[in-house]
Amino acid sequence: HTYRNKFLICFADYHGVTWVWINHWWHVGAMEWVRELFCPAGTANSKCMVPIMGGANFTSEEEWCQFFHNDTDCEDIREDAQAEAGALGVVFYTANLIWAILLILLLLMTMNVLQGIITPPIVQASKAANIPAWLTLPIAGCLSLGLGLIFSSPFTLTTPSDESIGSVNWLGTGYLVAGGTFTISALLGWFISVFSVKNRQDKRRKTIAVIIFISTMFLSIIVVGAIFITSLIFSVNVVSLPLSDDERGSIACDYDTAGSCTNCCHDCENKCPEWSKEDVVNVTRTALKQSAALAAIFLLYGISALRFGFALRTHILNYHIDYV
């Protein structure tokens with residue numbers, strides 16, 4: 001339930017790109033059931049599928065419609081159906097957001113009740129044993145996001161500068177660094193949970209391991225915090241960032257996986273005229289918001305693990321072994 005709730009929060013913002021998705025993925029097979037639902041009867045796989053600007057071989061929707069259907073109402077049919085589909089998408093994401101908030105509140109209440117019932121030593125032992133599992137999500141999330149941003153990030157398609165989208169192309173590397181420090185922390189947590197203190201030397205070794213654990217968690221928090229702040233700032237300011245037409249077209253061709261773009265060759269001019277700058281900005285802004293949301297989640301994991309590290313250090317320092 002914890003993972004599901006947090007990912008619901010992350011995906012709740014996708015209403016911001018619902019129109020872009022509907023507009024540019026409208027013709028693909030996966031959207032056929034949507035077209036059947038909102039397009040007039042008998043047009044879901046004909047008039048209602050008119051490509052944006054007529055596609056590669058036509059100059060407008062009207063020309064496409066006249067060629068294939070000897071009519072001129074294809075664009076109106078498609079736009080009416082897309083408007084209804086977009087309205088339903090906003091309702092769907094809003095309902096998911098409300099549901100996620102309710103589930104999170106219920107989860108927090110349950111955790112507080114359980115911590116009130118279970119004695120502190122049992123809670124402490126349980127946390128120590130489950131630290132590696134607890135850090136699985138931030139490890140997997142940071143590594144997957146890092147690799148994804150490095151190998152398929154639109155941020156690398158622009159010229160890096162202090163005032164461009166390309167200036168955040170370090171986010172992929174940042175996520176990989178955070179994933180590495182989270183992994184080290186998980187391994188240290190496993191070692192701490194299985195290492196028994198039998199003498200003063202064991203106590204000293206375990207104390208050192210806990211200090212290293214705290215240090216790596218602190219580093220993880222710094223990196224993830226920097227990613228969170230950068231993603232949040234650029235998600236707000238992305239509208240005002242300079243974006244040339246060539247950069248817009250290159251990013252649009254990278255975003256498009258449905259074949260709605262034309263002129264996506266390396267040396268082509270006027271790349272992907274089907275995607276406006278607003279479309280590119282909306283998708284980029286949502287991607288940065290998702291990065292900020294996930295970084296905030298990983299930040300909460302890091303802070304919780306750091307608090308556990310300090311509590312464990314205090315517990316070990318107060319551990320008496322005079323009887324040995």
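The values are calculated or read from the model by the stated rules, or taken from the named source; none is laboratory data. As the structure is a computational prediction, the values presented were derived from the model and not from experiment. In this analysis, Cβ positions are derived from the backbone assuming ideal geometry, glycine residues included, and neighbour counts consider all displayed protein chains. These area figures cover heavy atoms from the full protein model, side chains too; ligands, DNA and RNA do not enter into them. Shrake-Rupley method; radii C 1.70, N 1.55, O 1.52, S 1.80 Å.
Leaving out ligands, DNA and RNA, what percent of the accessible area of the stretch 167-231 is carbon and sulfur, probe 1.4 Å?
C and S atoms contribute 70 percent here.
Shape of the stretch 270-313 from the C-alpha gyration tensor: prolate (a/c of 1.5 or more and a/b above b/c, with a ≥ b ≥ c the square roots of its eigenvalues). Rounded to the nearest 0.05, the FRET efficiency derived from the C-beta distance between F310 and V236 at R0 = 45 Å is 0.85.
According to the square roots a ≥ b ≥ c of the eigenvalues of the Cα gyration tensor, what is the shape class of the stretch 219-280, taking rounded for a/c under 1.5, prolate for a/b larger than b/c otherwise, and oblate for the remainder? Since a/c reaches 1.5 and a/b is larger than b/c, the shape of the stretch 219-280 is classed as prolate. At a Förster distance of 30 Å, what's the computed FRET efficiency of R205 paired with I229, Cβ-Cβ distance as r, to 0.05? Plugging the Cβ-Cβ distance into 1/(1 + (r/R0)^6) gives 0.25. Average accessible surface for the stretch 46-100: 57 Å² per residue, computed with a 1.4 Å probe over protein heavy atoms with every protein chain in place. Rounded to the nearest 0.05, the FRET efficiency derived from the C-beta distance between N130 and T94 at R0 = 41 Å is 0.75. Among 66-72, 259-265, 225-231, the peptide with the highest mean count of other Cβ atoms within 10 Å heads the list, and the full ranking is 225-231, 259-265, 66-72.
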